[in-house]
Amino acid sequence: MGNSKSGTLSKEILEELQLNTRFTEEELSTWYQSFLKECPSGRITRQEFQTIYSKFFPEADPKAYAQHVFRSFDANSDGTLDFKEYVIALHMTSACKTNQKLEWAFSLYDVDGNGSISKNEVLEIIMAIFKMISPEDVKHLPEDENTPEKRAEKVWGFFGKKDDDKLTEKEFIEGTLANMEILRLIQFEPQKVKEKFKEKKP
């Protein structure tokens, strides 16, 4: 997808990433060097992505969540991420605007990619999120959201949907913007993610 393997980013990719993210030319160029060291082919596989993601969360089990994140950013579904897709993933999970984040969150929760979300898909992602929360932190969660099932039930209830209903992207985004409590429930402690990405830039 236009990534040079010579050690420098193509001007087109650099300009596009600067336009679509808040990252500077210097940051992007440095990250690209690191990316090529980790992935000399210029592409990162699902397994490599899981390994890198695991470094951010050494105390947790992020494999399931990392798989879903990878799927949501593998734009052309070829089983790998190039540098552009990788940087967009970093941006969307750490620094972007709420609307963009919700568009990404929808694609994360739309596990089968059919354009709508079911209650089971919400539960699947929340179960993956719970694997990343320490047992100690789980103890401090409110009673009505201290298991994946309870949290999924709470999220679905906020949208006013029956168990077998589906949620469109428009309903998902509008519902979440109208009730920021949903945003808290569907994310994995976004501040922690942001801090870890800042600590361990790629």
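The values are calculated or read from the model by the stated rules, or taken from the named source; none is laboratory data. Because the structure is predicted, anything quoted here is derived from the model rather than measured. Cβ placement follows ideal geometry from the backbone for every residue including glycine, while neighbour counts extend to all protein chains displayed. Areas reflect the complete protein model, heavy atoms only, side chains present, ligands, DNA and RNA absent. Shrake-Rupley method; radii C 1.70, N 1.55, O 1.52, S 1.80 Å.
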With a 10 Å cut-off between alpha carbons and a GNM built on the chain, which of 89, 152, 178 moves the most?
178
For helix 169-178, what angle does its Cα long axis make with the longest principal axis of the chain, in degrees from 0 to 90 and rounded to 10?
70
How big is the dipole moment of the chain about its Cα centre under a simple scheme where the beta carbon of each Lys and Arg is +1, that of each Asp and Glu is -1, and everything else is neutral? Debye, nearest 20, please.
460
State the percentage of accessible surface on the chain attributable to carbon and sulfur atoms; use a 1.4 Å probe and exclude ligands, DNA and RNA.
52
The chain accessible area per residue, 1.4 Å probe, protein heavy atoms, integer Å², reads 52
On C-alpha positions alone, give me the angle between the axis of helix 148-158 and the longest principal axis of the chain, in degrees, nearest 10.
80
Kindly express, to the nearest 10 degrees and within the range 0 to 90, the angle between helix 119-130's C-alpha long axis and the longest C-alpha principal axis of the chain.
60
Taking the Kirkwood radius as the inverse of the mean 1/r across Cα pairs, report the Rg/Rh of the chain.
0.98
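Given a 1.4 Å probe and heavy atoms of the protein chains only, how would you sort 71, 46, largest accessible area at the top? Intermediate results must be reported in sequence, preceding the final value.
Values: 71 65, 46 95 Å².
Descending order: 46, 71.
Longer than 19 Å from Cα to Cα, which of 55/84; 139/162; 63/101; 97/166; 55/131; 101/170 are they? Say none if no pair is. Can you show the working numbers first?
Values: 55/84 21 Å; 139/162 29 Å; 63/101 21 Å; 97/166 25 Å; 55/131 15 Å; 101/170 14 Å.
In this structure, 55/84; 139/162; 63/101; 97/166 lie more than 19 Å apart at Cα.
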In debye to the nearest 20, how big a dipole does region 84-187 give about its Cα centre with +1 on each Lys and Arg Cβ and -1 on each Asp and Glu Cβ?
300
Cα lying deepest toward the dipole's positive end in region 64-103, options 100, 70, 86, charges on Cβ:
100
